[in-house]
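Worksheet: the structure to be examined is printed underneath.
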Amino acid sequence: MTFRFLSGFGAYWMLLGKVFSRPEKPAIYYRQTMKELVSLGLRSIGIVTIISFFMGAVITLQTAYNTENPIYPTYLIGLGARDSIILEFSSTIVALILAGKVGSNIASEIGTMRVTEQIDALELMGVNSASYIILPKVVATLIFNPFLTLISIITGIVGGWIVGTTAGVITSPDYIYGIQYAFIPYYITYSLIKTLFFAFIITTVSSLQGYIVEGGSLEVGRASTKAVVYSSVFILLVNVILTQLLLS
Amino acid sequence: MIRVDNISKSLGGREVLKDVSAVFEPGKTNLIIGKSGSGKTVFLKCIVGLFGIDSGAIWYSDILFNELDFRARKEIRKEMGMLFQGSALFDSMTVEENVRFPLDMFTTMTYGEKLVRVNFCLERVNITDSNRLLPSELSGGMKKRVAIARAIALKPRYLFCDEPNSGLDPKTSIVIDELIREITVELNMTTIVNTHDMNSVMENGEKIIFVEEGEKCWEGNKSQILKSDCKLLNEFVFANALAKQLKESAR
């Protein structure tokens with residue numbers, strides 16, 4: 001168990017060493033990064049928007065039911081929803097969802113390339129396969145995931161406003177006052193810093209799982225599952241560390 | 001020329017290659033034959049450097065390949081082309097992009113020059129009007145031919161083919177064999193082909209190495225194979241009754 005963990009950890013760092021070596025032809029890497037921005041970033045906007053909308057709605061409703069007390073002003077519902085969305089949900093929960101969507105996509109794509117000898121073909125040509133395949137994915141998610149977090153924050157807050165006012169748990173002026181009340185801009189920075197770490201974890205951990213696949217389609221499926229599980233666990237672990245470091 | 005001196009390789013605690021030596025000459029189609037699981041693919045992957053070797057030496061002309069670092073190997077790899085068993089075309093790229101890929105990576109040619117070279121290579125393997133197709137839209141034989149076109153795009157000195165006929169019908173197999181043989185002579189390449197297809201052996205076998213249980217058991221050419229006394233080779237080559245009769249009549 002310890003040996004497997006250490007060898008996996010070693011393989012991870014060795015892979016990162018290969019990934020971050022000097023690119024052979026920057027122009028080709030740029031083109032690949034643009035493709036990955038579309039594939040991993042733009043194509044995630046839909047799911048992030050839908051999930052964030054309903055997440056914001058549920059947070060607002062739950063906050064309302066948990067603060068049903070005459071001594072609490074109702075605008076606190078907006079404040080509570082805002083802080084929950086910014087501090088935790090739009091970074092961590094969205095990252096966990098992306099670990100499922102993007103992580104499994106990356107692991108299965110690279111795993112299939114491995115078992116169909118496409119990675120061998122790259123290596124044989126003298127191309128640094130790890131860098132060529134993984135670096136554009138890492139760069140694309142580091143660039144795009146902060147935008148996904150911002151989209152999630154906005155959609156979540158809007159979702160809370162629409163559903164909260166429709167359900168009658170809060171009035172529109174109270175909600176709008178609440179989301180502006182005692183706003184700390186650093187929370188956004190904190191959320192974006194976490195997003196960058198999570199984006200890096202999702203792409204690199206999932207890439208490793210795909211890159212080391214041996215066998216056939218069954219193993220590719222297993223790698224895809226492992227990518228989601230390991231990325232999620234690491235995200236939660238790093239979340240605890242970052243929260244302590246950045247908010248204490 | 002490629003020379004392999006006493007190479008051994010173990011995988012998962014099992015010795016897959018045992019002290020194998022061979023010389024592969026330029027302008028010839030060199031065949032490595034043997035039954036499935038005999039170590040042919042491992043042998044080929046050791047020669048191209050996809051697998052490291054446990055002992056021995058691999059020479060490309062006068063360069064000791066297995067001692068080179070990643071950067072130095074890269075220079076030799078630019079002179080290699082390989083046709084993989086499953087073609088290994090890049091799924092996300094069109095036929096044209098697949099063949100252009102090595103040119104994009106390693107040359108400073110303009111787009112127009114690259115396109116001329118791509119079209120030349122595709123025409124050479126008898127593929128026309130398929131530049132915009134994806135690998136998933138190609139038949140098995142077409143995939144192999146596109147993979148050959150990609151392999152020769154940089155005018156390599158060395159061509160490696162891992163079971164080029166697997167999954168192909170006999171007629172298409174002959175087309176692929178002829179193509180490999182013609183290109184080898186045309187570009188004066190050192191070509192090494194892994195195969196267990198006996199039609200290939202009889203057509204292309206200018207030099208044949210028979211591998212059994214990771215050991216080189218026999219070496220010769222297609223005319224010598226008919227008269228060989230090597231029991232293991234005969235069991236492999238003349239496995240069916242018709243082939244046995246052929247062998248007897250040759251004697």
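The values are calculated or read from the model by the stated rules, or taken from the named source; none is laboratory data. Here the structure is a predicted model, which means the values were calculated and not measured. When we count neighbours, we look across all protein chains shown, and the Cβ atoms used for this are built from the backbone with ideal geometry, even at glycine. Accessible surface is based on the protein model in full, side chains and every heavy atom, while ligands, DNA and RNA are left aside. Shrake-Rupley method; radii C 1.70, N 1.55, O 1.52, S 1.80 Å.
The single condition among (1) assigned to a helix (DSSP H, G or I); (2) open to solvent by 10 Å² or more (accessible area, probe 1.4 Å); (3) of a type outside the set (Asp, Glu) that B:Ser92 does not meet is (1).
Scanning the range A:204-220 for any residue that is more than 22 Å from A:Glu109 (Cβ to Cβ) and open to solvent by 20 Å² or more (accessible area, probe 1.4 Å) turns up nothing.
Could you list, in sequence order, the residues of the range A:22-38 that are open to solvent by less than 50 Å² (accessible area, probe 1.4 Å) and more than 9 Å from chain B (Cβ to nearest Cβ)? Steps first, please.
Kept after step one, since they are open to solvent by less than 50 Å² (accessible area, probe 1.4 Å), are these residues of the range A:22-38: A:23-24, A:28-29, A:32-33, A:36-37.
Hits for the range A:22-38 are A:Pro23, A:Tyr29, A:Gln32, A:Thr33, A:Glu36, A:Leu37.
Consider the range B:34-80 and keep the residues that are within 13 Å of another protein chain (Cβ to nearest Cβ) and in a loop (DSSP other than H, G, I, E, B). The one that is most open to solvent (accessible area, probe 1.4 Å) is B:Asp69. Here the condition is being more than 26 Å from A:Pro26 (Cβ to Cβ) and hydroxyl-bearing (Ser, Thr, Tyr); of B:Tyr111, B:Tyr60, it holds for B:Tyr60 alone.
The residues of the range A:59-95 that are part of a helix (DSSP H, G or I), out of contact with any helix residue (DSSP H, G or I) (no Cβ under 8 Å at 6 or more places or on another chain) and more than 19 Å from A:Phe147 (Cα to Cα), listed by number, are A:Gln62, A:Tyr65, A:Asn66.
Yes or no: B:Glu219 of a type in the set (Asp, Glu) and touching a strand residue (DSSP E or B) at 6+ places or on another chain (Cβ under 7 Å)?
Working: of a type in the set (Asp, Glu): yes; touching a strand residue (DSSP E or B) at 6+ places or on another chain (Cβ under 7 Å): yes.
So B:Glu219 passes the test.
Hydrophobic (A, V, I, L, M, F, W, C), over 30 Å from B:Phe51 (Cβ atoms) and at pLDDT below 95: does that describe A:Phe197? Write out each step before concluding.
Details: hydrophobic (A, V, I, L, M, F, W, C): yes; over 30 Å from B:Phe51 (Cβ atoms): yes; at pLDDT below 95: no.
Criteria not met by A:Phe197.
Yes or no: the range B:74-81 includes at least one residue that is in contact with a Ser or Thr (Cβ under 9 Å, 6 or more places away or on another chain) and among the β-branched types (Val, Ile, Thr).
Step one: filter the range B:74-81 for residues in contact with a Ser or Thr (Cβ under 9 Å, 6 or more places away or on another chain), giving none.
The answer is no; no qualifying residue exists.
Scanning the range B:22-33 for residues that are within 20 Å of B:Leu50 (Cβ to Cβ) and either not aliphatic (A, V, I, L, M) or not in a strand (DSSP E or B) (or both) turns up B:Phe24, B:Asn30.
What is the residue count in the range B:117-144 for residues that are basic (Lys, Arg), in a helix (DSSP H, G or I) and more than 13 Å from the chain's Cα centre (by Cα)? Break it down into steps so the answer makes sense when it comes.
Initial filter on the range B:117-144 (basic (Lys, Arg)): B:117, B:124, B:132, B:143-144.
Among the residues that remain, those that are also in a helix (DSSP H, G or I) are: B:117, B:124, B:143-144.
This time we only want the ones that are more than 13 Å from the chain's Cα centre (by Cα), so: B:117, B:124, B:143.
Within the range B:117-144, residues that are basic (Lys, Arg), in a helix (DSSP H, G or I) and more than 13 Å from the chain's Cα centre (by Cα) number 3.
Residue count for the range A:1-18, restricted to those that are more than 14 Å from chain B (Cβ to nearest Cβ) and open to solvent by less than 100 Å² (accessible area, probe 1.4 Å): 9. Taking the criterion of being surrounded by fewer than 18 Cβ atoms within 10 Å (Cβ to Cβ) and at pLDDT 80 or above, the only residue of the range B:235-249 that qualifies is B:Glu235. Look at A:Ile85 and say whether it is within 14 Å of another protein chain (Cβ to nearest Cβ), crowded, with 19+ Cβ neighbours inside 10 Å and not charged (D, E, K, R). It is false that A:Ile85 is within 14 Å of another protein chain (Cβ to nearest Cβ), crowded, with 19+ Cβ neighbours inside 10 Å and not charged (D, E, K, R).
Are there helices (runs of 4 or more DSSP H) fully within the range A:110-181 with at least 3 residues that are touching a strand residue (DSSP E or B) at 6+ places or on another chain (Cβ under 9 Å) and either open to solvent by less than 10 Å² (accessible area, probe 1.4 Å) or of a type in the set (Phe, Trp, Tyr) (or both)? List them. Give the derivation first.
Working: elements: A:118-125, A:129-167, A:172-180.
Here the list reads A:118-125.
Considered as a group, the residues in the range B:97-118 that are over 16 Å from A:Asn128 (Cβ atoms) and open to solvent by less than 10 Å² (accessible area, probe 1.4 Å) include one that is farthest from the other protein chains (Cβ to nearest Cβ), and that residue is B:Val118.
When A:Thr189 is tested against (1) over 20 Å from A:Ile97 (Cβ atoms); (2) open to solvent by less than 60 Å² (accessible area, probe 1.4 Å); (3) at pLDDT 95 or above, only condition (2) is not met. Whether any residue in the range A:232-248 is open to solvent by less than 20 Å² (accessible area, probe 1.4 Å) and under 20 Å from A:Phe144 (Cα atoms) is what I want to check. Checked against the condition, which is being open to solvent by less than 20 Å² (accessible area, probe 1.4 Å) and under 20 Å from A:Phe144 (Cα atoms), the range A:232-248 yields at least one hit.
Please note which strands (runs of 3 or more DSSP E) are completely contained in the range B:166-220 and include at least 1 residues that are more than 22 Å from B:Gly27 (Cβ to Cβ) and either in contact (Cβ under 8 Å) with a residue 12 or more places away in the chain or open to solvent by 10 Å² or more (accessible area, probe 1.4 Å) (or both). Give the steps one after another, and end with the answer.
On the way: elements: B:190-195, B:207-212, B:215-220.
Once the strands (runs of 3 or more DSSP E) in the range B:166-220 are filtered for at least 1 residues that are more than 22 Å from B:Gly27 (Cβ to Cβ) and either in contact (Cβ under 8 Å) with a residue 12 or more places away in the chain or open to solvent by 10 Å² or more (accessible area, probe 1.4 Å) (or both), what remains is B:207-212, B:215-220.
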